[in-house]
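**Q** The structure that follows is given in the form of structure tokens.
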Protein chains: 2
Amino acid sequence: MTANPILVEVTRGDMEESRHCGAISVVKSDGQTMLTVGDTQRLIYPRSAIKPLQAIYLIESGAAEAFDLTDTELALACASHNGEIGHITAVRAWLARLGLEEEMLECGAHAPRRNEDRAALVKNNLSPGPAHNNCSGKHCGFLSSARHIGLATEGYILKEHPIQQAVLGLIGEMADVSPDATPGGIDGCGIPVAGIPLESLALAFARFATGTGLDSKRQAAARRIYQAMVVEPFMVAGTDRWCTRAMRAGDGAFIVKTGAEGVYCGAVPEAGVGIALKIDDGASRAAECVMGTVLSGLDCLTEEQSLDLIGSTVFNVAGREVGEIRPHKEFHAQLLSLMDPKLVG
Amino acid sequence: MTANPILVEVTRGDMEESRHCGAISVVKSDGQTMLTVGDTQRLIYPRSAIKPLQAIYLIESGAAEAFDLTDTELALACASHNGEIGHITAVRAWLARLGLEEEMLECGAHAPRRNEDRAALVKNNLSPGPAHNNCSGKHCGFLSSARHIGLATEGYILKEHPIQQAVLGLIGEMADVSPDATPGGIDGCGIPVAGIPLESLALAFARFATGTGLDSKRQAAARRIYQAMVVEPFMVAGTDRWCTRAMRAGDGAFIVKTGAEGVYCGAVPEAGVGIALKIDDGASRAAECVMGTVLSGLDCLTEEQSLDLIGSTVFNVAGREVGEIRPHKEFHAQLLSLMDPKLVG
């Protein structure tokens, strides 16, 4: 097993303190590889980065139309949200329209991401509920489809439930893989996860970006999800989150979605590509840095936006700048040479 | 630059999801290498893992005796504590005995580590202060020395302050390095950090463990610090923390100390060795797993303790077991073969 290259370095003062290795695949929707860094054939769990594909089923099942779902709700279905008041309110309103109780979400409860939102709960003597789970929007999506089709809602997270079977099947079609044939596990929110090669994941996002190779119904569904994400980037993540900041900067030119354990996916319609990357050790700080570098290489960001989204400063507790998180020099040079703009579009 | 080997794998369901590479050095106090994994010559920042060595100065300066410091306070000087009520109370009492205000701690304030302690502050309408900083005990130590010697306390964190110069010099002597000659930076709590090869760091901890190669005054100081850490493991970290759990399990047989960005150091007097390890990507979950594996290989843990301290279960939000953090198979086998018990002692 060959080691993946160093993609990101974390410096402190005069030297590198830590480093992150990983793999990147940028693929065009006809399957042509635009960029391969590291082992892009190795199976990875896409985790939450695959939510935009899972949300396609919410359209295809007819649930989105039947329940008249808005951009807010479709963006929430793709979200790993902060559990801010805006997210919670929207999730609860969605559940109410479905006639369902919050307790029917089977994702489990965890505290909101931000200190201020945690403190607000404590001050009001409240405990976090399943709506606060960063995946609660995706779960509302599953429940919407189950409700619309007339399936049992209980156990909707289990692999054998028709909703999960349908969603896994859809991902398999988008990525040209057989999710049943690869190793699998259980996601943080309880639903099944299937191992997928990074390259196949990038292909699925290229198809998501362009519609190429999808039937007209799926094309329209993918477009609808894409649209909701770029219109409601706050709903996809939240205050100060990288996904939200990047999509605001992109202003419709791309979508990006983070996943646990260092995964990031993206779709860039104009370049006609899908992006999938995984940091070997699971670090988000590195995944964000690499996704920013790839987007910059694809000419999706201005110079100022690139500066803002690629690197980040390491501060110490007292607020002093003590280091930097940045693309590793060799990788950066390699990336820029490989991302020949003539290949794009 | 050769990549360091994979030391730890994180699994989910049927396959590996993430992996952590790193380097380990186990050295005897005469300089004999017992175990070398990966590049142990590369400079690393020891971060908080070096606190037990920094605390030696607190004894050598005469401050510990002059202020009649207890095991609690000496353990706090070596601590990266949780900011639990027990830690805060002890830090504040120490400052009061020095006649100093909490605001004279220059480490900066951050919230306590555990949710319950954060919530308690919110409920009482309090903000975290510098005493809550996980390094506040170490800073009380610096202030004690400055106060005892009659130095200015303001600016005690700066590299040019005599206290930091003395502490850097002491580390240099213990590790046979010249901290002034290597790259450096600023630590999370504001004090200077110097790059040190992992092997030199392990040597310093071997000397700390055994006293070999130290003058009698430093021998006694090291023994005093060691004693305080094993008597007060709660003060060194806190509830559910790996350092505390491991030292409780060891019952005096070793000390361990974590540092930010995946560093861990340890000292095992009976085996006569020092341990230093660094996870390339900075992950604590991996550093703990590797330190547990090394301690187990050194026969410092029972089988039950090894099980408890080496691996850990990955749970999802709803509390279901979904994966495992464990030593990588190849590394584990290699480690057990290299740690020939006949070499130890």
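The values are calculated or read from the model by the stated rules, or taken from the named source; none is laboratory data. Since the model is a prediction, treat every value here as computed from it, not as a measurement. We place every Cβ from the backbone using ideal geometry, glycine too, and count neighbours over all the protein chains shown. Surface accessibility is based on the protein's heavy atoms, side chains included, excluding ligands, DNA and RNA. Shrake-Rupley method; radii C 1.70, N 1.55, O 1.52, S 1.80 Å.
**Q** With a 1.4 Å probe and every protein chain kept in, tell me what percent of the accessible surface of chain A is carbon plus sulfur.
**A** Ligands and nucleic acids excluded, carbon and sulfur give 49 percent.
**Q** Also, quick follow-up: What does the average come to when, for each residue of peptide A:112-123, you count the partner chain Cβ atoms lying within 10 Å of its Cβ?
**A** 2
**Q** Tell me which residues come under 5 Å, amide H to amide H, from A:Gly238 once H is placed; ignore anything under 5 positions away on its chain.
**A** HN-HN under 5 Å from A:Gly238: A:Thr244.
**Q** What average number of partner chain Cβ atoms lie no more than 10 Å from the Cβ of the residues making up A:277-283?
**A** Counting other chains' Cβ atoms within 10 Å and averaging over A:277-283 gives 6.
**Q** Would you mind giving the mean number of other chain beta-carbons within 10 Å of the Cβ of each residue in B:14-24, as a whole number?
**A** For peptide B:14-24, the averaged partner shielding equals 6.
**Q** Using packing as a proxy for protection, rank A:20-31, A:210-221 so that the peptide with the highest average count of other Cβ atoms within 10 Å comes first.
**A** Per-residue mean Cβ counts within 10 Å order the peptides as A:20-31, A:210-221.
**Q** Sort all Cα-Cα distances of the stretch A:187-345 into consecutive 5 angstrom bins from zero, then give the percent of pairs in each bin up to the one containing the longest distance.
**A** Taking every Cα pair in the stretch A:187-345, the percentages come to 2, 8, 16, 21, 22, 15, 9, 4, 2, 1, 0, 0.
**Q** Another question, then. To the nearest 20 Debye, how big is the dipole of the stretch B:259-345 about its Cα centre, given +1 on the beta carbon of each Lys and Arg and -1 on that of each Asp and Glu?
**A** The dipole of the stretch B:259-345 has a size of about 120 debye.
**Q** With a sphere of radius 11 Å drawn around the Cβ of A:Arg248, what net charge do the other residues whose Cβ falls strictly inside it have (Lys, Arg +1; Asp, Glu -1)?
**A** -1
**Q** At 222 nm, what helix-only mean residue ellipticity would the protein assembly as shown give, in deg cm²/dmol to the nearest 500, using -39500 (n - 2.57) for each DSSP H run of four or more?
**A** Result for the protein assembly as shown: -12500 deg cm²/dmol, rounded to the nearest 500.
**Q** Using packing as a proxy for protection, rank A:284-293, A:315-324 so that the peptide with the highest average count of other Cβ atoms within 10 Å comes first.
**A** A:284-293, A:315-324
**Q** Provide Rg over Rh for the stretch B:165-207; use the alpha carbon set for both Rg and the Kirkwood Rh (inverse mean inverse pair distance).
**A** Taking Rg over the Kirkwood Rh, I get 0.96.
**Q** In addition: Among the GluC sites (Glu not before Pro) within the stretch B:59-129, which fall in a DSSP loop and have no more than 15 other Cβ atoms within 10 Å of their own Cβ?
**A** Answer by residue number: B:Glu101.
**Q** Among B:Gly297, B:Leu100, B:Pro5, pick out the residue whose Cα is farthest towards the positive end of the charge dipole of chain B, where Lys and Arg carry +1 and Asp and Glu carry -1 on C-beta, about the Cα centre.
**A** B:Leu100
**Q** For A:Asp68 and B:Asp14, what does the FRET efficiency come to when R0 = 45 Å and r is the distance between their Cβ atoms, rounded to the nearest 0.05?
**A** The pair A:Asp68/B:Asp14 has a calculated efficiency of 0.65.
**Q** Next question. Once you've got the GNM for chain B with C-alpha springs shorter than 10 Å, pick whichever of B:Asp68, B:Asp14, B:Asp117 has the biggest mean-square fluctuation.
**A** B:Asp14
**Q** Given an 8 Å cut-off on Cα distances and at least 6 residues of separation, report the relative contact order of chain B as a percent.
**A** Once normalised by length, the contact order is 24 percent.
**Q** Sticking with this structure for a sec: Quick one: which residues, 5+ away or cross-chain, put their amide H under 5 Å from the amide H of A:His328? H built at 1.01 Å from N.
**A** Here the answer is A:Val8, A:Glu9, since their amide H atoms fall under 5 Å of that of A:His328.
**Q** From the phi of every residue in the stretch A:236-242, what ³J(HN,Hα) in whole Hz does the Karplus formula 6.51 cos²θ - 1.76 cosθ + 1.60 yield, where θ is phi - 60° and glycine or proline is x?
**A** Per-residue couplings from phi come out as 6, 8, x, 3, 6, 7, 4 Hz.
**Q** For B:Val314, enumerate residues with amide H under 5 Å from its amide H, sequence gap 5+ or separate chain, H modeled in the peptide plane.
**A** Amide H neighbours of B:Val314: B:Val322, B:Gly323, B:Glu324, B:Ile325.
**Q** Between chains A and B, what is the buried accessible area summed over both chains (1.4 Å probe, protein heavy atoms, nearest 100 Å²)?
**A** Rounded to the nearest hundred, the buried surface is 3800 Å².
**Q** Using +1 at the C-beta of Lys and Arg and -1 at the C-beta of Asp and Glu, which of A:Leu35, A:His139, A:Phe208 has the Cα lying farthest in the positive direction of the dipole of chain A?
**A** Comparing the listed Cα positions along the dipole, A:His139 ranks first.
**Q** Can you tell me how chain B classifies by the Cα gyration tensor, rounded, prolate or oblate, using a/c under 1.5 as the rounded cut?
**A** Because a/c hits 1.5 or more and a/b fails to exceed b/c, chain B counts as oblate.
**Q** Just report the Cα centroid separation between the stretch B:187-214 and the stretch B:21-92, whole Å.
**A** Between the Cα centres of the stretch B:187-214 and the stretch B:21-92 lies a distance of 8 Å.
**Q** Using Cα pairs under 8 angstrom and six or more residues apart, how large is the relative contact order of the stretch B:40-124, in percent?
**A** 26
**Q** Please report, in debye to the nearest 20, how large the charge dipole of the stretch B:38-160 is about its Cα centre when each Lys and Arg carries +1 at its beta carbon and each Asp and Glu carries -1 there.
**A** So the magnitude is around 400 debye.
**Q** Probe radius 1.4 Å, ligands and nucleic acids left out: which of B:Phe67, B:Phe331 has the largest accessible area, and how do the rest follow?
**A** The most accessible residue leads, giving B:Phe67, B:Phe331.
**Q** Which entries of A:Lys123/A:Lys257; A:Lys51/B:Lys278; B:Lys28/B:Lys278 show an alpha-carbon separation above 30 angstrom in the structure shown?
**A** Beyond 30 Å between Cα atoms: A:Lys123/A:Lys257; A:Lys51/B:Lys278.
**Q** Residues in the stretch A:67-110, backbone N under 17 Å from the label point at A:Thr239 (7 Å along the Cα-to-beta-carbon vector): list them, ranges by number please.
**A** What the label zone holds, given the 17 Å backbone N cut-off, is A:81-90.
**Q** Further, regarding this structure: Could you run the Karplus curve 6.51 cos²θ - 1.76 cosθ + 1.60 with θ = phi - 60° over the stretch A:117-128 and give me ³J(HN,Hα) per residue in whole Hz, x for Gly and Pro?
**A** 6, 5, 4, 4, 4, 4, 4, 9, 6, 10, 9, x
**Q** Accessible area per residue, 1.4 Å probe, Å², for the protein assembly as shown: what's the number?
**A** Accessible surface, normalised per residue, equals 37 Å².
**Q** Same structure again: With heavy atoms of protein chains only and a 1.4 Å probe, what residues of the stretch B:315-330 have at least 20 Å² less accessible area in the full set of chains than alone?
**A** Checking the loss per residue gives B:Asn316, B:Val317, B:Ala318, B:Arg320, B:Val322.
**Q** Still on this structure, I have one more. Got a sec to turn the phi values of the stretch B:74-79 into Karplus ³J(HN,Hα) couplings, 6.51 cos²θ - 1.76 cosθ + 1.60 with θ = phi - 60°, whole Hz, x for Gly and Pro?
**A** Couplings: 5, 5, 5, 5, 9, 8 Hz.
**Q** Could you tally the net charge around A:Pro46, taking each other residue with its Cβ under 14 Å from the Cβ of A:Pro46, Lys/Arg +1 and Asp/Glu -1?
**A** Within the 14 Å Cβ shell, the charges total +3.
**Q** Next question. Give the list, by residue number, of cysteines in chain A with no other Cys Cβ closer than 4.7 Å, or say none.
**A** A:Cys21, A:Cys78, A:Cys140, A:Cys243, A:Cys265, A:Cys289, A:Cys300 - these cysteines have no disulfide-compatible partner (Cβ-Cβ under 4.7 Å) in chain A.
**Q** Using a 1.4 Å probe, how large is the accessible area of B:Ile149, given in Å² and rounded to the nearest 10?
**A** Only protein atoms counted, so the area is about 80 Å².
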